[in-house]
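Trainee: Sharing a structure here in structure tokens format.
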2 protein chains.
Amino acid sequence: MPVQPSECPVESVISILSGRWKIPIYRYLFINNKPVRYSELHRHLPSISKKMLTEQLRELERDGIIERKSYPEPRPRVEYTLTSSGRSMIVFLDQMSDWGQHHNQNKRDEREDII
Amino acid sequence: MPVQPSECPVESVISILSGRWKIPIYRYLFINNKPVRYSELHRHLPSISKKMLTEQLRELERDGIIERKSYPEPRPRVEYTLTSSGRSMIVFLDQMSDWGQHHNQNKRDEREDII
DNA sequence: CTGTATCCTACAAGATACTG
DNA sequence: CAGTATCTTGTAGGATACAG
């Protein structure tokens, strides 16, 4: 039997973040740092479909990264925010970003060495 | 047009690590900290097929995480090691692991609150 | 405004057999 | 020993239409 997904914390974190739109959504919620409406997210993410946006939001919610609040007013309104646990991912996300940039730079350097 | 994969370092790091066997392979190479043969990896990973093992190794190599050395002896031998850049991923992988464990604990606590 | 419901395609991943 | 080559399947992701 292969490893269970939940058996390794690293693998489960990666799978939490592995959707096509997870990081863009996370980034927007992080930077804005306030409740953000569904329509605002949709406006901000140029080419996502409503179906995908809803799917990715539901997954992030299920995984405890974001919180969804619905206000059933005459004009329905739904707002999303990062949970504090979700927000705290920034620690390793920042380090991943740094590592990624250095790593790309190294690979560029190697290519130029060859040329 | 959606975001290019390379445009965001975080997304490219996630995609580097997103194969089914990437983390198990990484972990084994990291812990052993010496050149590891193809057959040893295959023996260690209970249910991976040779096709998948080769595929995942090729991707990790392409992405600069591991190095492949082939010794075309009478009994062919191929050894894999982490590159120094690959090895340095441990910094954020450790933090992801910590975050994942706390996050799971939080979610368990919440469930018990409800019950 | 905030979604569902369907249908479709591409690609990751697995099973199995074969090879230098 | 260290792989390829083929075939099949499951699922993520996208297009489009409809709905409370």
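Trainee: List the residues of the range B:62-94 whose backbone N lies under 20 Å from a point placed 7 Å from the Cα of residue A:106 along the Cα-to-Cβ direction.
Mentor: Residues B:62-70, B:79-94 fall inside that zone.
Trainee: List the residues whose amide H sits under 5 Å from the amide H of residue A:77, counting only those 5 or more places along or on another chain, with H placed 1.01 Å from N in the peptide plane.
Mentor: Those qualifying (amide H under 5 Å, at least 5 residues apart or on another chain) are A:71.
Trainee: What residue among B:64, B:86, B:100 shows peak mean-square fluctuation when chain B is described by a Gaussian network model with Cα springs under 10 Å?
Mentor: B:100
Trainee: Would you mind checking A:69/B:22; A:69/B:107; A:22/B:50 for any pair whose Cα atoms are more than 30 angstrom apart?
Mentor: Among A:69/B:22; A:69/B:107; A:22/B:50, the Cα-Cα distance tops 30 Å for A:69/B:22; A:22/B:50.
Trainee: Under 15 Å Cα to Cα from residue B:34, which aspartates and glutamates show up? Leave out anything in the same chain fewer than 8 places away.
Mentor: Filter leaves B:67, B:79.
Trainee: What does a probe at residue A:28 reach in the range A:61-79, counting residues whose amide N is under 13 Å from the point 7 Å along Cα→Cβ?
Mentor: Those under the cut-off are A:79.
Trainee: For residue B:61 paired with residue A:61, estimate the spin-label separation in nm (one decimal), with each label point 7 Å from Cα along the Cα-to-Cβ line.
Mentor: 4.5 nm
Trainee: Using a Gaussian network model of chain A with C-alpha springs under 10 Å, which one of A:22, A:51, A:34 is most mobile by mean-square fluctuation?
Mentor: So, out of A:22, A:51, A:34, the one fluctuating most is A:51.
Trainee: Moving to a separate point now. Distances from residue A:108 to the same position in the other copies: list them in nm, one decimal, shortest first, using label points 7 Å from Cα along Cα→Cβ.
Mentor: 4.5
Trainee: Using a Gaussian network model of chain B with C-alpha springs under 10 Å, which one of B:95, B:56, B:105 is most mobile by mean-square fluctuation?
Mentor: Greatest mean-square fluctuation among the candidates belongs to B:105.
Trainee: Between residue B:75 and residue B:53, what length comes free when the chain is fully extended (0.36 nm per residue of separation minus the Cα-Cα distance, one decimal in nm)?
Mentor: That works out to 5.9 nm of additional length.
Trainee: Also, quick follow-up: Assume the label is 7 Å from Cα along Cα to beta carbon: what separations in nm does residue A:30 have to the matching positions in the other copies?
Mentor: 2.0
Trainee: Here's another thing I want to ask about it. Counting partner chain Cβ atoms within 10 Å of every residue's Cβ in B:87-95, what's the average? The partial results should precede the final answer.
Mentor: Working: counts 0, 3, 5, 0, 5, 11, 8, 3, 9.
Mean partner shielding for this stretch: 5.
Trainee: Mind listing the long-range amide H neighbours of residue A:37? Cut-off is under 5 Å, sequence gap 5 or more, other chains count too, H placed in the peptide plane at 1.01 Å from N.
Mentor: A:80
Trainee: Gap in Å between the Cα centre of the range B:39-115 and the Cα centre of the range A:45-115?
Mentor: After rounding, the separation between the Cα centres reads 23 Å.
Trainee: In addition: Taking a label point 7 Å from Cα toward Cβ, how far is residue B:70 from its twins in the other copies, in nm, shortest first?
Mentor: Nearest first, the other copies' label points are 5.7 nm away.
Trainee: Could you give me the radius of gyration and the Dmax of chain B, taking only the C-alpha atoms into account and expressing both in angstrom?
Mentor: 17.5, 64
Trainee: For chain A, with only Lys/Arg (+1) and Asp/Glu (-1) charged at the beta-carbon, what is the dipole magnitude about the Cα centre, in debye rounded to 20? Numbers along the way, then the final one.
Mentor: Working: 18 positive and 16 negative charges, 166 e Å.
Dipole size: approximately 800 debye.
Here, each number is a calculation from the coordinates, and none is a lab measurement. What you see is a predicted model, and the numbers here were worked out from it, not measured in a lab. Every residue, glycine as well, gets a Cβ built from its backbone with ideal geometry; the counts of neighbours run over all protein chains shown.
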